[in-house]
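Presented below is the structure to which this report refers.
The values are calculated or read from the model by the stated rules, or taken from the named source; none is laboratory data. What you see is a predicted model, and the numbers here were worked out from it, not measured in a lab. Every residue, glycine among them, receives a Cβ derived from its backbone with ideal geometry; neighbour counts consider all protein chains shown.
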Amino acid sequence: MGTENEPVTYPEQTDQTLVAYRGVTKVYESRLGEVRALHDVSFAVERGQFVSLLGQSGCGKSTLLKMTAGVTGITGGTIEIDGQLVRGPVDELGMVFQTPVLLEWRDVLANIVLPLEILHRSLNDGRRRARELIDMVGLTGFEHRYPAELSGGMQQRVAICRALMIDPPLLLMDEPFGALDALTRDEMAVELLRIWEQTHKTILFVTHSIDEAVLLSDRVVVMSPRPGTVALTVDIDLPRPRTAELRYDPRFVEFSHLLRNAIQAGPGVKPGWGVRDRTGQ
C-alpha cells in the first residue's frame, strides 16, 4: 500500500486494460450487523481476454459482476471500464444470467432485439444484426419460436445473442450454464468458445466449474471465501482454438488440480507453476 502522498499501483494493469478493479469492497447491512461480501479486490481484464471468476458459493463472484454492471453500489474502491469510473448502470455491456430470462410472450427475434428498444435505437438494422447472430449460434429457422418451444441450451443461445445485440465491448456472464444438465453444459461451453473466437469479445465469466474455467479462459481469478478477495490468478496458456478433447490433455489436468488446491487453500496460497500471485508479481 502507498502512503497518503503515494498512489497505490496495480501491477496487472496495462495499456490494453478494459476493466480495472482497485481495492473494491462491498459491505451489506443486515439486521444482525454488517456483512462484508468483498474486500480489497484488485485485478485487471485486458481487451479481448476471457477471464473467469472461480470460487466457492458466497465468495462474492456474482456481486462483483453486478457491481461491474453498475446495478449494485460499491462500498469502497473503484471499478473502471475503458477508463471511466462505474457510478451507475452501464449501457455499453452485455450480460447473461444463469437462467435465460427471456420474455415468454416474445419470439426469439423479438427477445434478441429487446436491448435496442430499451436504448431507443433503430430496429431496422437491428433485425438484420439479430438474424446474423441467430445464424452464428445455429438457431436459423427458430426466429419465430417462443421460449417455451426451445430447449434450455437453445434458450441460453438466445440470451447470448441478446447480450451481443448492441455489439458491447464487454460481456458479463453469471454462471450461464449452471441450470443446464451436464451434457448440455459441456456442449454450450464448446459453443461459447466458438462464439468467442468469432467475436473476440472481452468476457468476464462467473463459474463454479473448474474444468469449465480451464477450458474457456485466458486467465482464472480464484476468489477466497467471504469476504471475497483475490487469492490467486492463474494464466491458462493452453493453445487455441480449444475443443472438448483438451480436457484429456495432461496440462489441462495440471491446471485443474492447481485451481482446486488454490480454492481449498484460500487467500495467501503460494504461487507455483503457471501462476501469478494476487499482486500480479
Evaluation of residue 206 against (1) surrounded by 15 or more Cβ atoms within 10 Å (Cβ to Cβ); (2) out of contact with any Asp or Glu (no Cβ under 6 Å at 6 or more places or on another chain); (3) assigned by TED's automatic domain parsing to the domain that holds residue 54 (one fails), failing number: (2)
Residue in the range 164-177 that is touching an Asp or Glu at 6+ places or on another chain (Cβ under 6 Å), surrounded by fewer than 20 Cβ atoms within 10 Å (Cβ to Cβ) and at pLDDT below 95 present: yes
Selected residue (criterion: surrounded by the fewest Cβ atoms within 10 Å (Cβ to Cβ)) from residues of the range 38-70 that are of a type in the set (S, T, N, Q) and within 22 Å of residue 237 (Cα to Cα): 49
Count - residues of the range 105-132 that are assigned to a loop (DSSP other than H, G, I, E, B) and either farther than 21 Å from residue 176 by Cα or in the same structural domain as residue 64 (by TED's automatic domain parsing) (or both): 6
